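The values are calculated or read from the model by the stated rules, or taken from the named source; none is laboratory data. Please read all numbers here as calculations on a predicted model, not as lab measurements. Methodologically, a virtual Cβ is constructed for each residue, glycine included, from the backbone with ideal geometry; neighbour enumeration extends over all protein chains shown.
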Amino acid sequence: MNKPVWIVLLLVGLALLVYGITASNSVASETSEALTGSPTNKAMWMMIGGGAAALLGLIGLFGTRTHRVG
């Protein structure tokens with residue numbers, strides 16, 4: 001893939017990660033955490049998905065470098 005795709009994936013992943021962290025500090029998530037011991041599922045999935053997307057974006061940007069001949 002081209003570099004812009006990896007950059008977009010990284011930025012979307014970071015945005016989801018930040019949004020998930022913010023959502024985990026919401027009143028609903030705090031209440032859920034107090035009762036169940038874990039934040040809401042929505043906040044957890046946003047953090048997991050955002051972290052995975054950001055990691056894939058980083059790997060795509062700085063991972064393997066292929067040199068084309070010709």
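Note on the range 29-47: residues that are free of Cβ contacts under 8 Å to residues at least 24 places away in the same chain and surrounded by fewer than 18 Cβ atoms within 10 Å (Cβ to Cβ) total 10.
Out of all the residues in the range 1-50, which are closer than 21 Å to L61 by Cβ and not in a helix (DSSP H, G or I)? Within the range 1-50, M1, N2 qualify. Taking the criterion of being over 20 Å from P4 (Cβ atoms) and at pLDDT below 85, the residues of the range 44-70 that qualify are H67, V69, G70.
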